[in-house]
1. What is the one condition in (1) at pLDDT below 95; (2) under 27 Å from residue 108 (Cβ atoms); (3) in a strand (DSSP E or B) that residue 50 does not satisfy?
2. Which one is modelled with the lowest pLDDT, of the residues in segment 63-89 that are part of a strand (DSSP E or B) and in contact with a strand residue (DSSP E or B) (Cβ under 7 Å, 6 or more places away or on another chain)?
3. Just the residues that are in contact (Cβ under 8 Å) with a residue 40 or more places away in the chain and either loosely packed, with under 15 Cβ neighbours inside 10 Å or out of contact with any strand residue (DSSP E or B) (no Cβ under 9 Å at 6 or more places or on another chain) (or both), please, taken from segment 46-56.
4. With at pLDDT below 95, in contact with a helix residue (DSSP H, G or I) (Cβ under 9 Å, 6 or more places away or on another chain) and farther than 27 Å from residue 118 by Cα as the only criterion, which of 7, 92, 44 stands out?
5. Only one residue in 18, 8 is on the phi > 0 side of the Ramachandran plot and surrounded by fewer than 17 Cβ atoms within 10 Å (Cβ to Cβ), so which one is that?
6. Of the residues that make up segment 81-94, is at least one closer than 23 Å to residue 137 by Cα and surrounded by 20 or more Cβ atoms within 10 Å (Cβ to Cβ)?
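The values are calculated or read from the model by the stated rules, or taken from the named source; none is laboratory data. From a predicted model like this one, the values you see are computed outputs, not experimental measurements. Neighbour counts run over all protein chains shown; Cβ positions are idealised from the backbone, glycine included.
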């Protein structure tokens, strides 16, 4: 069973968190920025790093490693912020997703994508759109709209309305 419908090839932006390769549908990605200073916002979740000024707009930045229960991102020359559009309940929110590095834009055909693993009810995998198979390795394809809860996105919008 493929995740995508039809026979068209979809494009994904691949990126690294720790030693794993993840990917986002390219239609959800606005741009990729070099790492820049993030202004902290008090009393937010650990994975909410703070905000950046993106051409006059305040954009919340999330440490994707912390969001997925990994160790905090350590800034390197490859560390970047992926600016994504997240939609929940019909509302679009712009977020910065901190990643160790961006790899490439890649094409995956529907027959290269398996459904997400079903690992009992304790492990929440609803934010995984599928498992891409590429060059003998798996790529975890995220459904960015399901990575964050409505409450987390509301907190991000609140951060964006605060002054950095």
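1. Failed condition: (2).
2. Here the answer is 86.
3. 53
4. When all the criteria are applied, what remains is 44.
5. It is 18.
6. Yes, because at least one residue in segment 81-94 is closer than 23 Å to residue 137 by Cα and surrounded by 20 or more Cβ atoms within 10 Å (Cβ to Cβ).
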